[in-house]
1. Put +1 on the Cβ of each Lys and Arg and -1 on the Cβ of each Asp and Glu in the chain; which of N200, W247, V15 then has its Cα farthest toward the positive end of the dipole?
2. Sorted by average packing, counted as other Cβ atoms within 10 angstrom per residue and highest first, what order do 173-185, 16-28, 225-237, 79-91 take?
3. Given Cβ point charges of +1 (Lys, Arg) and -1 (Asp, Glu) and nothing else, what value in debye, to the nearest 20, does the dipole of the chain about its Cα centre take?
4. Tabulate in residue order the Karplus-calculated ³J(HN,Hα) for the range 47-58, using 6.51 cos²θ - 1.76 cosθ + 1.60 with θ = phi - 60°, rounded to whole Hz; enter x for Gly and Pro.
5. With a cut-off of at most 15 other beta carbons within 10 Å, and DSSP calling the residue loop, which GluC sites (Glu not before Pro) in the range 195-266 qualify? Please list them.
6. Please work out the FRET efficiency for the pair W195 and Y53, using the Cβ-Cβ distance as r and a Förster radius of 25 Å; give the result to the nearest 0.05.
7. Residues with beta-carbon under 12 Å from that of D190, excluding D190: net charge, scoring Lys, Arg +1 and Asp, Glu -1?
8. Taking the alpha-carbon distance from K58 and a cut-off under 14 Å, which aspartates and glutamates remain once sequence neighbours fewer than 8 residues away in the same chain are dropped?
Amino acid sequence: MNKIFKCFPDGKFKVLTMSYDDGKLSDKKLVSIFNKYGIKGTFHINSGLIGSYNRLTKAEIKTLYSGHEVSAHTLTHPTIARCPMEQVTKEILMDRENLEEIVGYPVRGLSYPNGSYNDSIRNLLKYLGIEYSRIVGNSDSFDLPSDFTAWKATCHHNHNLMEHAKEFVFLYKKQYLYMMYVWGHSYEFDRDNNWHLIENFCSYISNKDDIWYATNIEIVDYKNVLDNLKFSAKSDFVYNPSAKSAWITVNDEIVEIKGGTQLKLS
């Protein structure tokens, strides 16, 4: 029998993603650092607060986050677990509508404002077109989430960032898939006077051959591609019904299964 493992794109087994909230002006500096080192991020924005004090304008949002992901953060940043569900629905849908008018693509992610959520809100998300949402806190792990509607990051950037980065870089067991997920707010670097922290992190962790650098939604989308692969009972061929390619290893050899194709596995 073939020994098969699912992989990230190009046969990689590690992924790095970044997640930053609120759409403040300091995102400009953070995005410039990400772009310098080839790091990809997701930026969660309250569209009802765009252009207010210390926040980006619509024109700035449209251009700044090119190559990254713009995601929802509710319209006005309320503590939504205390709000009626009618208000929660409007906060999320109106935020999506406004952001989609700016960026020109479906906004399908969310981070809970003030870390506030409950099971009713989580169950509502799929009906509002939201496919994942980040919670607050630090998992201190590199595991993929079992539930993308309660997605906990590995760490906030002020929580053992370089220690986690060094551990992540030295992971070598390719029978696992690992994810390092960093979250925070860019204005915290101004407040704490520690821009060197994120600069050093990005410099250290960039350009690694075994790491895929992805946005939050790219991880969700690719996991769906992997989960949708159709293997024969003998695992001697596989069909990929998705449009995008999937990667696996077969007896330690990296194999690409192009979208819409069936491949014999020898």
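Nothing in this text is a laboratory measurement; each read-out follows from the coordinates by a stated rule. Since the structure is predicted, the reported quantities are computational estimates derived from the model, not experimental observations. Using ideal geometry, Cβ is built from the backbone for each residue, glycine included, and neighbour counts are taken over all protein chains shown.
1. Checked the options; the winner is W247.
2. Values: 173-185: 18.9, 16-28: 22.9, 225-237: 12.8, 79-91: 15.0.
Highest-to-lowest ranking by the protection proxy: 16-28, 173-185, 79-91, 225-237.
3. 440 debye
4. The phi angles translate into 5, x, 10, 4, x, 6, 3, 6, 10, 5, 8, 4 Hz.
5. none
6. Numbers: r = 21 Å, r/R0 = 0.85.
My answer for the efficiency is 0.75.
7. Values: positive: K24, K28, K29, R191; negative: D27, E188, D192.
Result for the local shell: +1.
8. D22, D27, D95, E97, E100, E101
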